[in-house]
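Q: Sharing a structure below in structure tokens format, with a few things to ask.
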Amino acid sequence: MLEKLPHLTAIIAISVDGKISDATNSPARFSSKMDLDHLERQISLLDAIIFGGNTIRAYGTSLVIKNPELLNQRRANNQPFQPLNIVCSASGNINPEMRFFSQCLPRGLLTTNEGLLNWQEKVKDYNQQKSQEKDNYFQDFFISNNPLNWQEILKELWALNYKKIGILGGSQLISSLLAENLIDELWLTICPLIIGKKLALSFLDPNLFANLKLPINLKLLEVKQVDEEIFLHYLILNNDKYE
Ligand SMILES: NC(=O)c1ccc[n+]([C@@H]2O[C@H](COP(=O)([O-])OP(=O)(O)OC[C@H]3O[C@@H](n4cnc5c(N)ncnc54)[C@H](OP(=O)(O)O)[C@@H]3O)[C@@H](O)[C@H]2O)c1
């Protein structure tokens, strides 16, 4: 084993035709309350979660763990009640007005030097406009080169004790990590619909797989059916990050 890296689990809901939303900027609202419970349970097992800029721009909020059983379990494990919510945005083009910033969550921004400056400008303008001096939008900043150097970012997160990390989408974020063989597990919820639209986003972006050895082999660990949804849990076998 060369370096310790966090264990990454991607968690995503897809339609039967493998789509994750109608379009890049629209939130995916097709999964059920059961899927949200599943997501909450999975998130409760993690130290941090990462989502892409388009995902937070589409939803405007993140999922806060509220289930008392899950909160008690985190307390028993000496974990903070909520995992660190990391927004991945190379551009720093995140709106400080989003409801995400008033949710009771620890927040981090993963960005570039340029993105950090852009974000700081946005906060300055917004605070001026609101005549306020709020500075608790993000508590943690992770700065990387452009393109992002995932190995270095993950080493830093591991060193800070973020050892189990959820990758919550969207397609660009999951694909870029998969393309570097960095994702260990995958939870897919198959939802009973066909989206079928030409511009609907697929679960993976094949443009980001240019240098990858394909196919990526998976081992099925678990299958659950709850009402009309199927929850599939896979191990990603091509993952060689510990070799
Ligand atoms: N069905 C589901 O379970 C589910 C879950 C999550 C999201 N979604 C849907 O997915 C859609 C968004 O997916 P998406 O693929 O368009 O975008 P995404 O992966 O959410 O976000 C892409 C943005 O994130 C940043 N980013 C991601 N990976 C990066 C990398 N390797 N290097 C640098 N920056 C990176 C960049 O931000 P900047 O542009 O800010 O630089 C990039 O433009 C939304 O419609 C959302 O509703 C569905």
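Throughout, read-outs are computed from the coordinates displayed, never taken from laboratory work. Since the model is a prediction, treat every value here as computed from it, not as a measurement. Backbone-built Cβ (ideal geometry, glycine too); neighbour counts: all protein chains shown.
Q: Give me the net charge of Ser202's neighbourhood, meaning all other residues with Cβ under 9 Å from the Cβ of Ser202; Lys, Arg count +1, Asp, Glu -1. Let's see the in-between values first.
A: Numbers: positive: Lys19; negative: Asp17, Asp205.
Computed value for this residue: -1.
Q: If the limit is 31 Å between Cα atoms, which of Lys130/Lys163; Lys155/Lys224; Lys66/Lys198; Lys155/Lys213; Lys163/Lys213 go over it? Let's see the in-between values first.
A: Working: Lys130/Lys163 38 Å; Lys155/Lys224 33 Å; Lys66/Lys198 37 Å; Lys155/Lys213 24 Å; Lys163/Lys213 26 Å.
The answer is Lys130/Lys163; Lys155/Lys224; Lys66/Lys198.
Q: What order, most packed first, do the peptides 50-62, 144-156 have when packing is the mean number of other Cβ atoms within 10 Å of each residue?
A: Values: 50-62: 20.5, 144-156: 15.3.
Ranked by mean Cβ neighbours within 10 Å, highest first: 50-62, 144-156.
Q: With an 8 Å cut-off on Cα pairs and a minimum separation of 6 or more residues, tell me the relative contact order of the stretch 7-236 in percent. Walk me through the numbers before you get to the answer.
A: On the way: 410 pairs, mean separation 71.0, N = 230.
Over the stretch 7-236, the number comes to 31 percent.
Q: With the Cα gyration tensor of the chain giving a ≥ b ≥ c as the square roots of its eigenvalues, does the rule (a/c under 1.5 for rounded; else a/b larger than b/c for prolate; else oblate) give rounded, prolate or oblate? Write out the running numbers ahead of the final one.
A: On the way: a/c = 1.34, a/b = 1.27, b/c = 1.05.
Rounded.
Q: With θ taken as phi - 60° and the coefficients 6.51, -1.76 and 1.60, list the Karplus ³J(HN,Hα) couplings across the stretch 127-134 in order, rounded to whole Hz; mark glycine and proline as x.
A: Taking θ as phi minus 60°, the curve returns 5, 4, 4, 9, 6, 9, 10, 4 Hz for the stretch 127-134.
Q: Given R₀ = 45 Å, what would the calculated FRET efficiency be for Asp37 paired with Lys124, taking r from the Cβ atoms and rounding to 0.05?
A: On the way: r = 40 Å, r/R0 = 0.88.
After rounding to 0.05, the efficiency reads 0.70.
Q: Sticking with this one: Based on the Cβ-Cβ distance of Asn67 and Asp135, what FRET efficiency does E = 1/(1 + (r/R0)^6) give at R0 = 22 Å, to the nearest 0.05?
A: Details: r = 31 Å, r/R0 = 1.41.
According to the calculation, E is roughly 0.10.
Q: Using helices alone, what [θ] at 222 nm do you get for the chain, with -39,500 (n - 2.57) per DSSP H run of 4 or more residues, divided over all residues and rounded to the nearest 500?
A: -8000 deg cm²/dmol
Q: Can you put Asp47, Asp135 in order, fewest other beta carbons within 10 Å first? Don't jump to the answer; show the numbers that get you there.
A: Working: Asp47 19, Asp135 9.
Fewest to most other Cβ atoms nearby, the residues stand as Asp135, Asp47.
Q: For a quick check: with amide H placed at 1.01 Å from N, whose amide H comes under 5 Å from Leu84's, ignoring anything fewer than 5 positions away on the same chain?
A: Ala48, Ile49
Q: Would you kindly state how much longer the chain becomes between Ile194 and Gln79 on full extension, computed as 0.36 nm times their sequence separation minus their alpha carbon distance, in nm to one decimal? Walk me through the numbers before you get to the answer.
A: Details: separation 115, 0.36 × 115 = 41.40 nm, distance 3.88 nm.
Difference between extended and current length: 37.5 nm.
Q: Going by how many other Cβ atoms sit within 10 Å of their own, how do Cys88, Cys191 line up, fewest first? Walk me through the numbers before you get to the answer.
A: Numbers: Cys88 26, Cys191 20.
Ascending number of Cβ neighbours within 10 Å: Cys191, Cys88.
Q: Take the alpha carbon gyration tensor of the stretch 100-167, find the square roots of its eigenvalues, order them as a ≥ b ≥ c, and report rounded if a/c is under 1.5; if not, report prolate when a/b exceeds b/c, else oblate.
A: Working: a/c = 3.22, a/b = 1.61, b/c = 2.00.
Note, shape of the stretch 100-167 comes out oblate.
Q: Another question, then. Just report the Cα centroid separation between the stretch 55-87 and the stretch 170-227, whole Å.
A: Comparing the Cα centres of the stretch 55-87 and the stretch 170-227, I get a distance of 23 Å.
Q: Also, I was wondering about something else. Using only Cα atoms, locate the centre of the stretch 2-21 and the centre of the stretch 103-131, then give the distance between them in Å, rounded to an integer.
A: Cα centroid of the stretch 2-21 versus Cα centroid of the stretch 103-131: 27 Å apart.
Q: Is the stretch 162-243 best put as rounded, prolate or oblate by its Cα gyration tensor, with a ≥ b ≥ c the root eigenvalues, rounded for a/c under 1.5, and otherwise prolate when a/b is larger than b/c, oblate when not? Before the final figure, lay out each step's value.
A: Details: a/c = 1.89, a/b = 1.21, b/c = 1.56.
The shape class here is oblate.
Q: Karplus couplings for the stretch 171-179 from phi (6.51 cos²θ - 1.76 cosθ + 1.60, θ = phi - 60°), rounded to Hz, Gly and Pro as x?
A: 4, 5, 5, 4, 5, 5, 6, 5, 5
Q: Let me ask something else about it. Kindly put Val16, Val87 in sequence by how many other C-beta atoms sit within 10 Å of each C-beta, fewest to most.
A: Numbers: Val16 13, Val87 23.
Ordered from fewest to most neighbouring Cβ atoms within 10 Å, Val16, Val87 come out as Val16, Val87.
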